[in-house]
1. So which residues in the range 73-89 are buried (at least 18 other Cβ atoms within 10 Å of the Cβ) and in a strand (DSSP E or B), if there are any at all?
2. Just checking, which of 178, 173 is at pLDDT 70 or above and either loosely packed, with under 14 Cβ neighbours inside 10 Å or not in a strand (DSSP E or B) (or both)?
3. Given the structure, is residue 99 more than 21 Å from the chain's Cα centre (by Cα) and assigned by TED's automatic domain parsing to the domain that holds residue 21?
4. Any idea which residue in the range 147-161 is farthest from residue 231 (Cα to Cα), counting only those that are surrounded by 16 or more Cβ atoms within 10 Å (Cβ to Cβ) and touching a strand residue (DSSP E or B) at 6+ places or on another chain (Cβ under 6 Å)?
5. State all residues of the range 91-113 that are surrounded by 18 or more Cβ atoms within 10 Å (Cβ to Cβ) and either free of Cβ contacts under 8 Å to residues at least 24 places away in the same chain or over 19 Å from residue 22 (Cα atoms) (or both); if no residue qualifies, say none.
6. Which of the numbered conditions does residue 132 fail, given that it passes all the others? Conditions: (1) closer than 28 Å to residue 175 by Cβ; (2) surrounded by 14 or more Cβ atoms within 10 Å (Cβ to Cβ); (3) in contact with a helix residue (DSSP H, G or I) (Cβ under 9 Å, 6 or more places away or on another chain).
7. So in the range 129-170, with the set limited to residues that are part of a strand (DSSP E or B) and over 15 Å from the mean Cα position of the chain (by Cα), which one is nearest to residue 185 (Cα to Cα)?
8. Please work out which residue is modelled with the lowest pLDDT, limiting yourself to the range 114-128 and to residues that are in a strand (DSSP E or B) and surrounded by 17 or more Cβ atoms within 10 Å (Cβ to Cβ).
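The values are calculated or read from the model by the stated rules, or taken from the named source; none is laboratory data. Given the structure is predicted, the values throughout are model-derived calculations rather than measurements. Note that we place each Cβ from the backbone using ideal geometry, even for glycine, and neighbour counts take in every protein chain shown.
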């Protein structure tokens, strides 16, 4: 049976971010999904704000100086969902619920994609730093990437990094992978030092040139790649 998850990307105006997080962390919202067999595995908040044109529904690629802009907080929620998934039925069932509607009213944009676990996650904490890596690959490179990308994992995990899974899109942009890493240590906003660490084979002196060569090959495979440093926003008592 396929290990299904739902990957949800959400934009909320920064002025409404706390209200949104309070609703998600409240006693009722996630209880609504329990009868359907859903559970929220990760609830992550991007450290870097994004902006959209005022009143717009999509992120601005290039800003005009005369246009008004609003800061937005980007969230990524990963839900465990049953097999077979019943996403449409669940969403229709919750349409009239007041708590669900209150959270949904704060959302400027929401993108839901069904994903499968391409690499099983290890248990992670919640008070450190998450690194999210989003990659879109050509069809011919997908298998090669998945086979090669697991090579740095043992060395990284021996240096305090936990792999929280690699999730392959089944809907939306196909041939794309979202990978999550976690460390308990405080981490700066830029995810770039994480990749320096990968290239050094987890900081181990014995890594040698082969790790850098593996990373060079991985860098050459994706058509597009985005990296984000993130924090868990879920209340500890509800995890």
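1. 73, 74, 75, 76, 77, 78, 79
2. 173
3. It is true that residue 99 is more than 21 Å from the chain's Cα centre (by Cα) and assigned by TED's automatic domain parsing to the domain that holds residue 21.
4. Taking the range 147-161 as the starting set, the residues that turn out to be surrounded by 16 or more Cβ atoms within 10 Å (Cβ to Cβ) are 149, 151-153, 155-156, 161.
Filter once more, so that each one left must be touching a strand residue (DSSP E or B) at 6+ places or on another chain (Cβ under 6 Å): 153, 161.
On the way: 153: 21, 161: 15 Å.
Taking the candidates together, the pick is 153.
5. Once the filter is applied, which keeps residues that are surrounded by 18 or more Cβ atoms within 10 Å (Cβ to Cβ) and either free of Cβ contacts under 8 Å to residues at least 24 places away in the same chain or over 19 Å from residue 22 (Cα atoms) (or both), the range 91-113 yields only 113.
6. Looking at each condition in turn, residue 132 falls short on (3).
7. 161
8. My answer is 119.
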